[in-house]
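The values are calculated or read from the model by the stated rules, or taken from the named source; none is laboratory data. Note that the structure is a prediction, hence the values are computed from the model and not measured. Please note: Cβ atoms are built from the backbone with ideal geometry, for glycine as well, and neighbour counts cover all protein chains shown. Side chains included, ligands, DNA and RNA excluded: accessible areas come from the protein's heavy atoms. Shrake-Rupley method; radii C 1.70, N 1.55, O 1.52, S 1.80 Å.
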Amino acid sequence: MRTVSLPSGEQVPCLGQGTWMMGERKDQRDEEIAALRTGIDLGMTLIDTAEMYGDGASERLIGEAIAGRRDEVFLVSKAYPQNASLTRLPRSCEASLERLGTDRLDLYLLHWRGNVPLAETVEAMRALQRAGKIRHWGVSNLDTDDMEELVEAGGSACVTDQILYNLARRGPEHDLLPWLEDHGMTAMVYSPVEQGRLIGNRKLTALAADLGVTPAQLALAWTLRQPGLIAIPKASTVEHVRENRAAADITLDEATLAQLDAAFAAPRERRPLEML
Ligand code: NAP
């Protein structure tokens, strides 16, 4: 699996696993755990979750899936904005650790910006790092101006901004992705297949058929065309996980990229960062 370098030099896979909506249905639990374990076996060892997902159910599911193999995994979780304060973040983190059955997170993110001042969140993240509860910290859904503010608030050690970016949502190409690259921060791309909606797209389906790949693979290979990006598709079946893993080995040629540009044009003007 191709890797992406975090600012510290640590390598993480360019393709990880999302888990929103997983762990919520008893009848799908075994399949979801099998899917996550297959992903780990195939090198998709970065697993993304959040305290919000299923009110902790996603974290519990992951805890079960990684039991006995914690050290193989790069675990990412996220805190609600209202919990990103000096007093509340330690409690949120502790609860996530307990549900995940681990003593540390590899990466802890502010899920989106709320009312807690960014400087306070930075301080709270640093305190968790000093306590050994988290190894790295970052943010999610912060646009370029928020990122500028974050750095001014002392947050230059942020390792990633987890953002919505896919063929149908190319706004970040205008200034956010270049800003992250300039500041040595990794972009972690969520909803890379637009929660499944891209898969039925007629133009994408036709192009994928010409290339002999699936639409999901083409959409994923496109997000991974740019070195330094991490994509975290969610797949709750073993079959989807295997299909997605193979996308990390697909290199798109210039002609295909041009066809995708024609079918899914990037906006000409700057657009505010979208979120799901
Ligand atoms: P996504 O990964 O773009 O799409 C997930 C959907 O696509 C699921 O319905 C899945 O079906 C389907 N799918 C995946 N691979 C497929 C394949 N090979 N063939 C056919 N269908 C396939 O959307 P997402 O879940 O919103 O985003 C991914 C992850 O990013 C989330 O799970 C979460 O961890 C994170 N996220 C973060 C934020 C944030 O605010 N920071 C927001 C949204 C998402 P099955 O489940 O049936 O496999």
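Here are the numbers for the structure shown:
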item: Test item: Cα-centred dipole of the chain, Lys/Arg +1 and Asp/Glu -1 on Cβ, debye; result: 460
item: Convex hull of Cα atoms in segment 174-276, direction-averaged projection (nm²); result: 7.1
item: Heavy-atom accessible surface of the chain: percent carbon and sulfur, 1.4 Å; result: 48
item: Cβ-derived FRET efficiency at R0 45 Å, Glu120 paired with Arg242, nearest 0.05; result: 0.55
item: Charge tally in the Cβ shell below 9 Å around Leu100, where Lys, Arg are +1 and Asp, Glu are -1, Leu100 excluded; result: +1
item: Per-selection Rg to Rh, segment 219-276 - Cα, Kirkwood hydrodynamic radius; result: 1.02
item: Lysines whose Cα lies under 24 Å from that of Lys133, excluding same-chain neighbours fewer than 8 positions away; result: Lys78
item: Relative contact order, percent, the chain [alpha-carbon distance under 8 Å, six or more residues apart]; result: 21
item: Of Ala206, Ala216, Leu252, farthest towards positive along the dipole that unit charges on Lys, Arg, Asp, Glu beta carbons give segment 203-276; result: Ala216
item: The chain: mean projected area of Cα convex hull, nm²; result: 13.6
item: Cα gyration tensor category, rounded, prolate or oblate, for segment 1-55 with a/c compared to 1.5; result: oblate
item: Burial ranking of peptide ranges 229-236, 180-187, 109-116, 65-72 (average Cβ count within 10 Å, highest at the top); result: 229-236, 109-116, 180-187, 65-72
item: Separation in nanometres of the label points that stand 7 Å from Cα toward Cβ, at Asp30 and Asp103; result: 3.4
item: Residues of the chain: accessible area per residue with a 1.4 Å probe, Å²; result: 43
item: Cβ charges +1 (Lys, Arg) and -1 (Asp, Glu), total dipole of segment 20-118, debye; result: 360
item: Signed unit charges on C-beta, dipole axis of segment 1-128, positive-most listed residue Pro7, Ile33, Ser96; result: Pro7
item: Overall form of segment 1-125 per C-alpha gyration tensor (a/c, 1.5; a/b vs b/c); result: oblate
item: Antiparallel DSSP beta bridges within the chain, percent to nearest 5; result: 15
